[in-house]
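K.L.:
Dropping a structure here in C-alpha cells format, bear with me for questions.
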Amino acid sequence: MAAIREGNKQVLLVVDVQVGVMRNAWDAPRIIGNIGTAVAKARKQGVPVIWVQHTDDELAFGTPDWQLVPELAAAEGEIRIDKQFNSSFEQTSLEETLAQFGVTRIVLAGAATNWCIRATAYGALDRGYDLTLIKDAHTTGTMAFEDGSKIEAADIIRELNIAMTWLSYPGRTNSTASVEDIEFA
C-alpha cells in the first residue's frame with residue numbers, strides 16, 4: 001500500500017502543453033485558456049506551479065514543437081521537469097520536487113488525456129497523493145483505427161473525468177473540478 005501523505009499542501013501540475021501536442025488536440029484554444037486561468041489562480045494563491053514537458057522522437061528536446069504553447073509560460077522560479085515516459089513520475093525528479101514542497105494534493109491539467117494525463121493521475125494516486133483533475137483543462141486528439149472506427153476526443157476526456165470521480169483508493173481522495181470551481185486556498 002502507498003504511504004498516505006499527511007498535510008494539505010498542493011501543487012498545480014501542468015503536463016505537456018507543448019506546441020506539438022496541442023496542435024491537433026480537441027478544443028485546444030479553450031483548454032489552453034482554462035489552463036492559463038488555473039495557473040493564474042495558483043500563482044495568486046501562492047501555490048507552486050510545476051511544468052512538465054515530454055521528449056521523444058516526435059518532440060525532440062528544444063525544438064519548436066517541444067516548446068510550451070506561446071499562450072502559457074513558466075514564471076521565473078517555477079520548476080520545469082522533462083520526461084520521456086507517459087507518467088510524469090517515471091524517471092523524473094517530480095516526486096523529489098513534491099517532497100521538497102511537502103505536497104499532499106496534486107491538481108492536474110494538460111495533455112494528452114488518454115496517455116500522459118491518465119498515467120500521471122494514476123501514478124499520483126498509486127504514490128499516495130490526493131488528486132484533483134481539472135475536468136475542463138485537459139485534452140487529447142481523436143483516435144482513429146485501421147478499421148475506420150474512432151474514439152472521439154470528447155469521449156476520451158469524458159471517460160477520464162468519470163473515472164477520476166468513481167475511483168476509490170484507501171486514505172486518498174480523488175475528484176474533478178471545473179477551472180471555475182478550483183480553489184487552492
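K.L.:
For segment 1-37, how many residues are within 13 Å of the chain's Cα centre (by Cα), within 21 Å of Leu125 (Cα to Cα) and hydrophobic (A, V, I, L, M, F, W, C)?
P.N.:
Residues meeting the conditions: 5.
K.L.:
Condition test on Val47, is it surrounded by 15 or more Cβ atoms within 10 Å (Cβ to Cβ), in a loop (DSSP other than H, G, I, E, B) and in contact with a strand residue (DSSP E or B) (Cβ under 9 Å, 6 or more places away or on another chain)?
P.N.:
yes
K.L.:
Hey, another quick one. Going through segment 140-172 one residue at a time, which ones are surrounded by 14 or more Cβ atoms within 10 Å (Cβ to Cβ), among the β-branched types (Val, Ile, Thr) and not in a strand (DSSP E or B)?
P.N.:
Thr140, Thr142, Ile156, Ile157
K.L.:
While we're looking at this one, here's another question. With the checklist (1) surrounded by 14 or more Cβ atoms within 10 Å (Cβ to Cβ); (2) of a type in the set (Asp, Glu); (3) closer than 21 Å to Met143 by Cα in hand, flag the one item Asp56 doesn't pass.
P.N.:
Going through the list (1) surrounded by 14 or more Cβ atoms within 10 Å (Cβ to Cβ); (2) of a type in the set (Asp, Glu); (3) closer than 21 Å to Met143 by Cα, Asp56 breaks only (1).
K.L.:
Could you tell me how many of the residues in segment 67-108 are in a loop (DSSP other than H, G, I, E, B) and not acidic (Asp, Glu)?
P.N.:
Final tally of qualifying residues: 18.
K.L.:
OK, next. Taking Arg30 and the conditions (1) on the phi > 0 side of the Ramachandran plot; (2) surrounded by fewer than 16 Cβ atoms within 10 Å (Cβ to Cβ); (3) of a type outside the set (Val, Ile, Thr); (4) modelled with pLDDT of 95 or more, which numbered condition does it fall short on, given that it satisfies the others?
P.N.:
For Arg30, the failing item is (1).
K.L.:
Identify, please: which residue in segment 118-138 is farther than 16 Å from Ala177 by Cβ and within 10 Å of the chain's Cα centre (by Cα) and is, among those, surrounded by the most Cβ atoms within 10 Å (Cβ to Cβ)?
P.N.:
So the residue we want is Thr120.
The values are calculated or read from the model by the stated rules, or taken from the named source; none is laboratory data. If you're wondering where the values come from, they're calculated on a predicted model, not measured in any experiment. Every residue, glycine among them, receives a Cβ derived from its backbone with ideal geometry; neighbour counts consider all protein chains shown.
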